[in-house]
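Peer 1: Please see the structure below; I have some questions.
The values are calculated or read from the model by the stated rules, or taken from the named source; none is laboratory data. Fair warning: this is a prediction, and the values are worked out from it, not measured in the lab. Heads up, the Cβs are rebuilt from the backbone with ideal geometry, glycines too, and the neighbour counts pull from every protein chain shown. When the accessible area is computed, the model is the full protein with side chains, heavy atoms only, and any ligands, DNA or RNA have been set aside. Shrake-Rupley method; radii C 1.70, N 1.55, O 1.52, S 1.80 Å.
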Amino acid sequence: MIGQCALTLFGIAALYAAPPAQGRILLVPMTGKARGVLAAEAVRHGARLVSAGPWAGSLLVDGQRAALSGPLLRRGILLLSTQVGGCAEARP
């Protein structure tokens, strides 16, 4: 029972953090080397830079998850939903 509850909570958190298929995505470098190539790699794989992210070295981009996820994950860059970083657009 405890295992099922933990799995459910982990699943909900993973869905919350998962970036959209297309749209605003928060890119978070996990290493110093990843921080140095973050912007160039994002643009090279079709992302449009929007602004600096809420965490040091992070970026908010507009792009497609499928085009970004493989290459950026291999470079040590996490793709997250904008809701996780607190940079989601305010709704009236």
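Peer 1: Could you grab me the full set of residues in the stretch 15-39 that are modelled with pLDDT under 90 and surrounded by fewer than 16 Cβ atoms within 10 Å (Cβ to Cβ)?
Peer 2: L15, Y16, A17, A18, P20, A21
Peer 1: Across the stretch 48-65, what is the total count of residues that are among the hydrophobic types (A, V, I, L, M, F, W, C), under 12 Å from the mean Cα position of the chain (by Cα) and open to solvent by 30 Å² or more (accessible area, probe 1.4 Å)?
Peer 2: Residues meeting the conditions: 2.
Peer 1: Additional query: What pairs come out if I take residues in the stretch 26-43 that are of a type in the set (S, T, N, Q) and pair them with residues that are assigned to a loop (DSSP other than H, G, I, E, B) and open to solvent by less than 70 Å² (accessible area, probe 1.4 Å) whose C-beta lies under 9 Å away, six or more apart or interchain?
Peer 2: Cβ pairs passing all conditions: T31/G76.
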